[in-house]
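One structure is given below, encoded as C-alpha coordinates.
The values are calculated or read from the model by the stated rules, or taken from the named source; none is laboratory data. Predicted, not measured: the structure shown is a model, and the values here were computed from it. As a convention, Cβ positions derive from the backbone with ideal geometry for all residues, glycine included, and neighbour counts pool all protein chains shown. Accessible surface is based on the protein model in full, side chains and every heavy atom, while ligands, DNA and RNA are left aside. Shrake-Rupley method; radii C 1.70, N 1.55, O 1.52, S 1.80 Å.
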There are 2 protein chains.
Amino acid sequence: MNDGFALLPKPPYYAVIFSSQRNASDEEGYGATAQRMVELAREQPGFLGVESTRGADGFGITVAYWENEESILAWRRHAEHTAARERGRSDWYDHFELRIARVERAYGWDRDSR
Amino acid sequence: MNDGFALLPKPPYYAVIFSSQRNASDEEGYGATAQRMVELAREQPGFLGVESTRGADGFGITVAYWENEESILAWRRHAEHTAARERGRSDWYDHFELRIARVERAYGWDRDSR
(Lines give C-alpha, C1' and ligand atoms only; values in the text may rest on other atoms or scores of the structure.)
Protein backbone atom coordinates (compact mmCIF):
# COMPACT_ATOMS: atom_id res chain seq x y z
CA MET A 1 0.00 0.00 0.00
CA ASN A 2 1.58 3.27 -1.08
CA ASP A 3 -0.32 5.67 1.13
CA GLY A 4 2.36 8.11 2.19
CA PHE A 5 3.32 6.37 5.42
CA ALA A 6 6.71 4.75 5.94
CA LEU A 7 6.62 1.20 7.24
CA LEU A 8 9.35 1.19 9.85
CA PRO A 9 10.93 -1.29 12.25
CA LYS A 10 10.77 -0.77 15.99
CA PRO A 11 12.92 2.04 17.36
CA PRO A 12 15.65 2.97 17.78
CA TYR A 13 16.47 4.37 14.37
CA TYR A 14 17.28 7.81 12.99
CA ALA A 15 15.18 10.54 11.41
CA VAL A 16 16.38 13.33 9.13
CA ILE A 17 13.75 16.06 9.36
CA PHE A 18 14.01 18.41 6.40
CA SER A 19 11.69 21.42 6.31
CA SER A 20 11.90 23.74 3.34
CA GLN A 21 10.34 26.70 1.65
CA ARG A 22 10.21 26.29 -2.10
CA ASN A 23 10.31 29.32 -4.32
CA ALA A 24 8.05 29.35 -7.38
CA SER A 25 10.75 28.40 -9.89
CA ASP A 26 11.32 25.32 -12.01
CA GLU A 27 8.53 23.05 -10.77
CA GLU A 28 9.36 20.46 -13.40
CA GLY A 29 13.07 20.24 -12.70
CA TYR A 30 12.52 20.27 -8.96
CA GLY A 31 9.88 17.56 -9.12
CA ALA A 32 12.00 15.28 -11.27
CA THR A 33 15.01 15.65 -8.96
CA ALA A 34 12.94 15.17 -5.80
CA GLN A 35 11.50 11.97 -7.21
CA ARG A 36 14.93 10.77 -8.31
CA MET A 37 16.37 11.44 -4.85
CA VAL A 38 13.69 9.29 -3.22
CA GLU A 39 14.37 6.47 -5.67
CA LEU A 40 18.10 6.75 -5.10
CA ALA A 41 17.74 6.94 -1.32
CA ARG A 42 15.72 3.72 -1.35
CA GLU A 43 18.75 1.96 -2.84
CA GLN A 44 21.13 3.09 -0.09
CA PRO A 45 22.22 0.81 2.75
CA GLY A 46 20.40 1.64 5.95
CA PHE A 47 17.49 3.48 4.33
CA LEU A 48 14.24 2.63 6.14
CA GLY A 49 11.59 4.87 4.64
CA VAL A 50 10.48 8.40 3.89
CA GLU A 51 7.40 10.57 4.40
CA SER A 52 6.98 13.87 2.60
CA THR A 53 4.38 16.53 2.02
CA ARG A 54 4.16 20.13 0.87
CA GLY A 55 1.33 22.62 1.16
CA ALA A 56 0.05 25.04 -1.44
CA ASP A 57 2.18 27.77 0.18
CA GLY A 58 5.36 25.91 -0.80
CA PHE A 59 6.31 24.96 2.76
CA GLY A 60 7.22 21.29 2.92
CA ILE A 61 8.41 18.70 5.40
CA THR A 62 10.23 15.51 4.45
CA VAL A 63 11.30 13.00 7.07
CA ALA A 64 13.69 10.26 5.96
CA TYR A 65 14.34 7.36 8.28
CA TRP A 66 17.68 5.54 8.48
CA GLU A 67 19.11 2.69 10.50
CA ASN A 68 21.99 4.67 11.95
CA GLU A 69 24.11 7.78 11.61
CA GLU A 70 26.63 6.05 9.34
CA SER A 71 23.97 5.51 6.68
CA ILE A 72 22.94 9.17 6.93
CA LEU A 73 26.52 10.32 6.47
CA ALA A 74 27.07 7.99 3.52
CA TRP A 75 23.94 9.35 1.82
CA ARG A 76 25.16 12.86 2.49
CA ARG A 77 28.40 12.05 0.64
CA HIS A 78 26.64 10.46 -2.35
CA ALA A 79 27.72 12.42 -5.43
CA GLU A 80 24.32 12.69 -7.11
CA HIS A 81 22.70 13.72 -3.83
CA THR A 82 25.41 16.31 -3.26
CA ALA A 83 24.77 17.77 -6.71
CA ALA A 84 21.03 17.87 -6.02
CA ARG A 85 21.60 19.73 -2.75
CA GLU A 86 23.63 22.31 -4.67
CA ARG A 87 20.69 22.82 -7.03
CA GLY A 88 18.46 23.20 -3.99
CA ARG A 89 20.53 26.11 -2.72
CA SER A 90 21.17 27.73 -6.08
CA ASP A 91 17.68 27.35 -7.56
CA TRP A 92 14.82 25.78 -5.64
CA TYR A 93 14.72 26.74 -1.97
CA ASP A 94 14.43 30.03 -0.17
CA HIS A 95 15.09 28.50 3.22
CA PHE A 96 15.54 25.08 4.73
CA GLU A 97 16.23 23.52 8.10
CA LEU A 98 17.68 20.08 8.71
CA ARG A 99 17.46 18.24 12.02
CA ILE A 100 18.92 14.84 12.73
CA ALA A 101 17.26 12.92 15.50
CA ARG A 102 17.29 9.52 17.14
CA VAL A 103 13.80 8.04 17.25
CA GLU A 104 13.21 6.47 20.63
CA ARG A 105 9.51 5.64 20.65
CA ALA A 106 6.80 5.21 18.02
CA TYR A 107 3.08 4.64 17.97
CA GLY A 108 0.59 4.28 15.15
CA TRP A 109 -3.15 4.09 14.61
CA ASP A 110 -5.15 3.05 11.57
CA ARG A 111 -8.92 3.27 11.28
CA ASP A 112 -9.13 -0.02 9.37
CA SER A 113 -7.07 -1.89 11.96
CA ARG A 114 -9.00 -0.99 15.10
CA MET B 1 8.97 36.40 11.02
CA ASN B 2 6.16 33.86 10.89
CA ASP B 3 7.21 31.90 7.83
CA GLY B 4 6.49 28.33 8.86
CA PHE B 5 9.89 27.60 10.37
CA ALA B 6 10.41 27.03 14.08
CA LEU B 7 13.15 29.09 15.68
CA LEU B 8 14.90 26.60 17.91
CA PRO B 9 17.79 26.56 20.37
CA LYS B 10 20.84 24.42 19.78
CA PRO B 11 20.33 20.68 20.19
CA PRO B 12 19.73 18.54 22.08
CA TYR B 13 15.96 18.80 22.31
CA TYR B 14 13.06 16.55 21.40
CA ALA B 15 10.86 16.23 18.31
CA VAL B 16 7.40 14.72 18.13
CA ILE B 17 6.89 13.76 14.49
CA PHE B 18 3.19 13.33 13.72
CA SER B 19 2.23 12.16 10.23
CA SER B 20 -1.43 11.80 9.45
CA GLN B 21 -3.93 11.11 6.73
CA ARG B 22 -7.00 13.32 7.02
CA ASN B 23 -10.32 12.09 5.74
CA ALA B 24 -12.53 14.57 3.93
CA SER B 25 -14.84 15.30 6.88
CA ASP B 26 -15.39 18.40 9.00
CA GLU B 27 -12.75 20.73 7.62
CA GLU B 28 -14.04 23.57 9.76
CA GLY B 29 -14.06 21.73 13.06
CA TYR B 30 -10.71 20.12 12.36
CA GLY B 31 -9.09 23.41 11.39
CA ALA B 32 -10.35 25.21 14.48
CA THR B 33 -9.12 22.46 16.78
CA ALA B 34 -5.75 22.19 15.04
CA GLN B 35 -5.24 25.93 15.43
CA ARG B 36 -6.34 25.81 19.07
CA MET B 37 -3.91 22.97 19.80
CA VAL B 38 -1.00 24.98 18.43
CA GLU B 39 -2.01 27.99 20.54
CA LEU B 40 -2.37 25.81 23.62
CA ALA B 41 0.92 23.98 23.01
CA ARG B 42 2.73 27.32 22.82
CA GLU B 43 1.63 28.00 26.40
CA GLN B 44 3.04 24.74 27.77
CA PRO B 45 6.33 24.56 29.68
CA GLY B 46 9.09 23.18 27.51
CA PHE B 47 7.43 23.92 24.17
CA LEU B 48 10.04 25.14 21.66
CA GLY B 49 8.25 25.39 18.33
CA VAL B 50 6.24 23.62 15.67
CA GLU B 51 6.31 23.14 11.91
CA SER B 52 3.35 21.75 10.02
CA THR B 53 2.15 21.22 6.49
CA ARG B 54 -0.44 19.19 4.61
CA GLY B 55 -0.73 18.45 0.92
CA ALA B 56 -3.83 18.49 -1.25
CA ASP B 57 -4.07 14.70 -0.81
CA GLY B 58 -4.71 15.14 2.91
CA PHE B 59 -1.39 13.69 4.01
CA GLY B 60 0.23 15.94 6.59
CA ILE B 61 3.31 16.13 8.77
CA THR B 62 3.56 18.15 11.96
CA VAL B 63 6.76 18.27 13.97
CA ALA B 64 6.55 19.77 17.44
CA TYR B 65 9.74 20.52 19.32
CA TRP B 66 10.09 20.26 23.11
CA GLU B 67 12.83 20.75 25.64
CA ASN B 68 12.63 17.27 27.08
CA GLU B 69 10.51 14.16 27.44
CA GLU B 70 8.83 15.44 30.59
CA SER B 71 7.28 18.34 28.70
CA ILE B 72 6.04 15.95 25.99
CA LEU B 73 4.40 13.70 28.57
CA ALA B 74 2.79 16.64 30.36
CA TRP B 75 1.32 17.87 27.06
CA ARG B 76 0.06 14.36 26.36
CA ARG B 77 -1.81 14.42 29.68
CA HIS B 78 -3.34 17.86 29.08
CA ALA B 79 -7.12 17.41 29.23
CA GLU B 80 -8.02 19.56 26.23
CA HIS B 81 -5.32 17.92 24.15
CA THR B 82 -6.53 14.48 25.20
CA ALA B 83 -10.07 15.37 24.11
CA ALA B 84 -8.77 16.64 20.77
CA ARG B 85 -6.88 13.39 20.19
CA GLU B 86 -10.10 11.49 20.78
CA ARG B 87 -11.82 13.58 18.12
CA GLY B 88 -8.91 12.82 15.82
CA ARG B 89 -9.50 9.11 16.11
CA SER B 90 -13.28 9.24 16.07
CA ASP B 91 -13.70 11.82 13.30
CA TRP B 92 -10.76 13.34 11.48
CA TYR B 93 -7.97 10.89 10.73
CA ASP B 94 -7.84 7.67 8.75
CA HIS B 95 -4.32 6.87 9.89
CA PHE B 96 -1.57 8.47 11.88
CA GLU B 97 1.94 7.68 13.06
CA LEU B 98 3.73 9.31 15.97
CA ARG B 99 7.48 9.16 16.50
CA ILE B 100 9.35 10.69 19.40
CA ALA B 101 12.95 11.51 18.74
CA ARG B 102 15.91 13.23 20.35
CA VAL B 103 17.36 15.87 18.02
CA GLU B 104 21.13 15.64 18.10
CA ARG B 105 22.26 17.93 15.27
CA ALA B 106 20.69 20.74 13.28
CA TYR B 107 21.64 22.87 10.31
CA GLY B 108 19.83 25.65 8.48
CA TRP B 109 20.20 27.73 5.35
CA ASP B 110 18.43 30.90 4.27
CA ARG B 111 18.82 32.57 0.89
CA ASP B 112 18.69 36.03 2.43
CA SER B 113 21.39 35.24 4.98
CA ARG B 114 24.09 33.92 2.68
_What does the buried accessible surface come to for A and B, summed over both chains, with the probe at 1.4 Å? Round to 100 Å²._
4100 Å²
*Step through the residues of the range B:48-64 one at a time and calculate ³J(HN,Hα) from phi using the Karplus curve (6.51 cos²θ - 1.76 cosθ + 1.60, θ = phi - 60°), rounding each to whole Hz and writing x for Gly and Pro.*
10, x, 8, 10, 8, 7, 8, x, 5, 7, x, 8, x, 10, 10, 10, 9
*asked:* So if each residue of separation counts as 0.36 nm, and I subtract the Cα-Cα distance between residue A:77 and residue A:28, what length gain in nm does that give?
replied: 15.1 nm
_Rounded, prolate or oblate (a/c below 1.5 giving rounded, otherwise prolate when a/b exceeds b/c) for the protein assembly as shown by Cα gyration tensor_ = rounded
_Burial ranking of peptide ranges A:8-21, B:77-90 (average Cβ count within 10 Å, highest at the top)_ = A:8-21, B:77-90
*Inter-copy separations for residue A:9, label at 7 Å along Cα-Cβ, nm, ascending*: 3.4
*What does the convex hull of the alpha-carbon atoms of chain B project to on average, in nm²?*
7.9 nm²
*Using a probe of 1.4 angstrom, how much of the accessible area of the protein assembly as shown is carbon and sulfur, in percent?*
51 percent
*Given H placed 1.01 Å from N in the peptide plane, which residues other than close sequence neighbours of residue A:78 have an amide H under 5 Å from its amide H?*
none
*asked:* Compute the angle between helix A:27-42 and the longest alpha-carbon principal axis of chain A, please, reported from 0 to 90 degrees and rounded to the nearest 10.
replied: 40 degrees
